[in-house]
Amino acid sequence: MVEFADSEELEGWLKDKPREWSQIIAARAALRVIPYGTSPAAKVSVKEFPLAMFRATAIAWASRNYPAYDMVDAANAATNFSQAVHHVPDAAVGADANATYGAAFFAAKVAANASDPANAAATVVFSVAHHPFAGQGARAARASANAAATRAVSTDCDCLNDQSDTSWAARFLSNLPLWHGKPPTEWSATWAAAAEWLEQTDPNYSFWTDWLDRRIRGERSAFEIPGDKQRKEDKWLLRKIADATNDAFWNRGPEYVNAQLTEWLENARRRAEKGHDLSVEAQLIELLEADRKARGQTAVPKQVKSALRFHQGKDGKITLAPASDIFGLRKDQDARDRHKIALDDAKALLAACSGMNSAERLTSMLRAYVAAAGESVETMRQSIFVQKGERLRQELAQYEDPATDLPPLSDHILLDLRSVAKAHNMVVGLDPVLLELDTAQLPPDDSVGDVTKPEMQSFAADASDAEILQDEASEMLIEAVALTPDDADASDRRFRWSAGSCKNLVIEAFAIALNYPGMTFTATGTVSVFGLNTLFGSALKHAEFLVEHRTWIEERLGRHAPTWKALFVDLCDQLEKHTPLDSGKGITKVSPNRPPT
């Protein structure tokens, strides 16, 4: 077991780990002290205090349970709200409530991408989460609970270490029970008293007490919403909480906020109850299959080369297309030499940045760049290589901006970063395939000049929410649109890359929905159970996603491609004619279907 004698040891252990590990460690440590700050013995006379604690810890937890949705702004807003709430005389709030507030506050700061997440996480665990809580029960029982909290943090770290995929380890941990085993007796009694007192104060506090109960049990979904397939309503509610502003929502007092949250939850439950009737779905399959046969093999437009390209994976979800142009890459000795120089320079800079707090962001980018470059031209993942190289260019531009707010880097690190950027430019600039990807030139018929960055971010996040993408494809698409400058236009290659990637995703989803791969029929012509499951694991899910975003795709993404647009409109018309995918039967059509991230 990983063990820590003090905060310095924990901080040191977290330093070279992914930022997400610090975030989930801090969030779970803060959750374990919530009962002590919300119980009657905490002497909370400021009614906003419990709300601030729950909000901060909820955002901290959601940032890792729901990584596809960017919670940084929400975490920053939660810390600002907590600071405002805390501006009261110390005598008005007991020491235990102050300590719990501190845990929640720092957990939210880590979720907001604090400059030193390892230090902030260690602060939560040792400086705050191990506060004596002298007023909470017998000394021996309290000491036992503190010891259990220490063991729980160590076990959390072991769980992270045991995951082969470090990028998703934090999400895995977010779904585990809060205590690895039975919670401490004294802790459970304190939480029972706190939950009862909160609900006596305001019955709608059950929204939060139920939420924490689910964290204690290790439920994957944030809220109890029966019939909520693929967590659509659960994620919708998390987004609503994250997007609610301080001025318009949280500052209106706990009574208003809790009542509104409860109403949102009930609305989500009502929507989930409608669901899809299986008999309707069976009829739908037969209708769609008849329509497909009547069409013949409809030609689907080719995806543009100058962006991320997609194809359907074995599990029915969309994933990144294989390196189909690998044979077009230059593989002469000069090209191999350029590739080796770029790779060696990046590895050398990565080694130089190791352990530097100020270079944490850069270290993460360099690791991704080296992985995408591969050890040879043949193993290069060219689309990702170009994208990660562009990210390094942008990082260099920020460091060279006198007004940057990034932590300063030493002159020799900046010099080496310039060398990496130049070496990358040589690799892509002298290879036709990579240059096409890097310059992202779209044909006139694929012009998408009136799409905005927030719209593309919303679209990418919705695709992730709909679970039509494999994890890597979701991550890459979200990162692709994040690279787009806020004021980009059609002449900006980073904009064309992002817009082209979104359009390629639609084309692939379109192809899957049109062709319904994997569907099987019995001798009598009815759909077999196997075929039903396969379809709803791929084609129907993709069709739903397309129809939900129909207006935006037609009016924004495809308005300058008349041939493709006509085909897409025909598909949507057929789907809406024969399926329950309209606004009156469970699917709401919006464009885009949530606020920009």
In this structure, is A92 open to solvent by 10 Å² or more (accessible area, probe 1.4 Å), within 20 Å of P50 (Cα to Cα), of a type in the set (G, A, S) and at pLDDT below 75? yes
Of (1) open to solvent by less than 20 Å² (accessible area, probe 1.4 Å); (2) within 28 Å of the chain's Cα centre (by Cα); (3) modelled with pLDDT of 75 or more, A129 satisfies every one except (3)
Restricting attention to segment 369-400, report how many residues are touching a residue at least 24 places away in the same chain (Cβ under 8 Å) and open to solvent by 50 Å² or more (accessible area, probe 1.4 Å). 3
Evaluate segment 7-28: report whether one residue or more is modelled with pLDDT under 80 and under 23 Å from E199 (Cα atoms). no
Residue in segment 38-82 that is least open to solvent (accessible area, probe 1.4 Å), counting only those that are modelled with pLDDT under 75 and assigned to a helix (DSSP H, G or I): A42
Of all residues making up segment 177-200, the number that are among the hydroxyl-bearing types (S, T, Y) and either in contact with a Leu (Cβ under 8 Å, 6 or more places away or on another chain) or touching a residue at least 60 places away in the same chain (Cβ under 8 Å) (or both): 1
Taking W168 as meeting all but one of (1) under 25 Å from Q23 (Cβ atoms); (2) without any contact (Cβ under 8 Å) to a residue 60 or more places away in the chain; (3) open to solvent by 50 Å² or more (accessible area, probe 1.4 Å); (4) part of a helix (DSSP H, G or I), write down the number of the exception. (2)
Just wondering, is there one or more residues in segment 489-509 that are more than 18 Å from S306 (Cα to Cα) and surrounded by 21 or more Cβ atoms within 10 Å (Cβ to Cβ)? yes
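Yes/no per residue for (1) in contact with an Asp or Glu (Cβ under 7 Å, 6 or more places away or on another chain); (2) farther than 26 Å from A463 by Cβ; (3) in a loop (DSSP other than H, G, I, E, B):
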{"site": "L366", "(1), (2), (3)": "no, yes, no"}
{"site": "Y369", "(1), (2), (3)": "no, no, no"}
{"site": "S376", "(1), (2), (3)": "no, yes, yes"}
{"site": "I384", "(1), (2), (3)": "no, no, no"}
{"site": "G389", "(1), (2), (3)": "no, no, no"}
(1) farther than 17 Å from R19 by Cβ; (2) open to solvent by 60 Å² or more (accessible area, probe 1.4 Å); (3) of a type in the set (G, A, S); (4) not in a helix (DSSP H, G or I): which one isn't true of A351, the others all being true? (4)
I'm trying to understand the selection: among the residues of segment 474-488, which are within 9 Å of K453 (Cβ to Cβ) and assigned to a loop (DSSP other than H, G, I, E, B)? T484, P485, D486, D487, A488
The correct count of residues that are out of contact with any Ser or Thr (no Cβ under 7 Å at 6 or more places or on another chain), open to solvent by 60 Å² or more (accessible area, probe 1.4 Å) and either more than 22 Å from A152 (Cα to Cα) or outside any helix (DSSP H, G or I) (or both) in segment 191-219 is 5
Being more than 14 Å from R270 (Cβ to Cβ) and either aromatic (F, W, Y) or more than 15 Å from the chain's Cα centre (by Cα) (or both) is the filter here; which residues of segment 219-229 pass it? E219, K229
Hey, can you tell me all the residues within segment 319-361 that are aliphatic (A, V, I, L, M) and at pLDDT below 90? L320, A321, A323, I326, L329, A335, M356, A359
In segment 175-190, which residues are on the phi > 0 side of the Ramachandran plot and part of a helix (DSSP H, G or I)? none
I need every pair where a residue in segment 228-255 that is of a type in the set (V, I, T) has its Cβ under 8 Å from the Cβ of a residue that is open to solvent by less than 60 Å² (accessible area, probe 1.4 Å) and assigned to a helix (DSSP H, G or I), sequence separation at least 6 or different chains. I241/R55; I241/A58; I241/I59; I241/A62; I241/A74; I241/L261; T245/A77
Are any residues in segment 435-487 surrounded by fewer than 21 Cβ atoms within 10 Å (Cβ to Cβ), at pLDDT below 80 and of a type outside the set (D, E), and if so, which ones? L435, T439, Q441, P443, P444, S447, G449, L483, P485
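The values are calculated or read from the model by the stated rules, or taken from the named source; none is laboratory data. What you see is a predicted model; the values in this text were computed from it and never measured. Because the Cβ atoms are built from the backbone with ideal geometry, glycine has one as well, and the counts that use them run over all protein chains shown. Keep in mind that these areas ignore ligands, DNA and RNA; they rest on the heavy atoms of the full protein, side chains included. Shrake-Rupley method; radii C 1.70, N 1.55, O 1.52, S 1.80 Å.
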